[in-house]
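Readers should treat all values here as calculations from the given coordinates under stated rules, not as data from a laboratory. All figures in this text were calculated on a predicted structure; none of them were measured in a lab. For neighbour counting, all protein chains shown are included, and Cβ atoms are generated from backbone atoms with ideal geometry for every residue, glycine included.
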Amino acid sequence: MNRRLVEVENLKKYYPVTAGLLSRHVADVRAVDGVSFNIMEKETLGLVGESGCGKSSLGRAILRLEEPTAGRVLYKGNDITTWGRRQLKELRKEAQMIFQDPQSSLDPKMTIGDSIGEVLLIHGIGTEQERLEKVTELLQRVGLEPEHTMRYPHELSGGQKQRVGIARALVVNPKLVVADEPVSALDVSVQAQILNLIMDLQHEFGLAYLFITHDLAVIGHVSDRIAVMYLGQIIELANRKQLFSHPLHPYTEALLSAVSVPDPHQKRKRTSLPGEVPSPVEPPPGCRFHTRCPKVMEICRQESPVLRPRTGGRLVSCHLYG
Ligand code: SF4
């Protein structure tokens, strides 16, 4: 039985909005606003939502690549939000990130071999020869050739650079990887190969993923459970089958209605959402989704629904479900 690897408790990440010559703090962008969930060992938790809903900020706050404003993140039962620099260095061995744009995590002046080996060097792992062997072995595992150790990032295609990004994340044998839109910048023809590689490596390395994407088709392909995010909050969390066959939250229903289903008997009625996503600086009162919800009721304008358990271990935040 897999245990809880990560426990996120009421996590918040606000970005200050300043104005005037003195840069007075006038408001906050509430990118992540009171989020709680768990990630189990060796599972893939998909995190999906429209662009700007706060999912990348959440992923970065969990790894403390950005400082959370409030709340706790427990890793193997330890509260990492209180950890200092030395302990965080240890965390980087256990928890890594795959970025949307692999170019941004690669130094254009370093060879691929040095870029990956640098991670081992930072953590004081192995001799120079051992590091080279490990890098070469891992490059082959992610589908590249030993000769790529001598190449520079500009000599590689987008797909090859993402393979390097994956190797860089896995070289220290982490247990948790936050993958932030890892295929959305790639050609469609390459996306499936990278997704399959990410899934194969999960079994081989015993990894847990927090897999962030705006693409429901992708998330349906890779996830065990899926959390749906809207305007800084999780509004539904269920296993993949529950979510795709019977979404509860009206926002999840609307998102899924836009995904093509191969089986014509399962065809869904397409729901188009009116209006724009409201500003995270001033989210609507009550249910944050009420300005766009086709099922809005009076109570929704006044009271915020709470993320509550439903049958089958799923969670939903909506007044339709008491
Ligand atoms: Fe719609 Fe109300 Fe449910 Fe919000 S709480 S999703 S407005 S029905």
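Put simply, the amide H of residue 98, placed in the peptide plane, has neighbours under 5 Å in 178, 179, 180, leaving out anything fewer than 5 places away on its chain.
For region 149-206, the average shadow cast by the Cα convex hull is 4.3 nm², which is a quarter of the hull's surface. When each full DSSP H helix of the chain is screened for a Cα extent of at least 30 Å along its own axis and an average Kyte-Doolittle hydropathy of at least 0.0, none passes. Highest average first, the peptides 122-133, 150-161 ordered by how many other beta carbon atoms sit within 10 Å of their residues are 150-161, 122-133. Annotation for residue 118 and residue 101: the two label points, set 7 Å from Cα along the Cα-Cβ direction, are 1.7 nm apart. Each peptide in 273-281, 21-29 was scored by the mean count of other Cβ atoms within 10 Å over its residues; highest first, the order is 273-281, 21-29.
Taking a ≥ b ≥ c as the square roots of the eigenvalues of the Cα gyration tensor, region 209-322 is prolate, since a/c reaches 1.5 or more and a/b is larger than b/c. A viscosity of 0.692 mPa s and a temperature of 37 °C, combined with the Kirkwood radius over Cα pairs in Stokes-Einstein, give a translational diffusion coefficient for region 41-197 of 198 µm²/s.
The alpha carbons of region 1-106 occupy a box of 55, 29, 28 Å along the principal axes, longest dimension given first.
Counted over the chain, the DSSP beta bridges are approximately 60% antiparallel.
Please report, to one decimal in angstroms, the Kirkwood hydrodynamic radius of region 4-321 built from all distinct Cα-Cα pairs. Let's see the in-between values first.
Values: mean 1/r = 0.0478 Å⁻¹.
Every distinct Cα pair counted, the radius reaches 20.9 Å.
Using the per-residue mean of other Cβ atoms lying within 10 Å as a proxy for protection, in what order, highest first, do the peptides 52-59, 101-108, 306-313, 6-13 fall?
Numbers: 52-59: 23.2, 101-108: 15.4, 306-313: 11.6, 6-13: 19.2.
The packing order, highest mean first, is 52-59, 6-13, 101-108, 306-313.
With the cut-off at under 13 Å, measuring from each backbone N in region 139-162 to a point 7 Å along the Cα-to-Cβ line of residue 187 picks out 157-161. FRET efficiency for the pair residue 83 and residue 4, taken as 1/(1 + (r/R0)^6) with r the Cβ-Cβ distance and R0 = 22 Å, rounds to 0.75.
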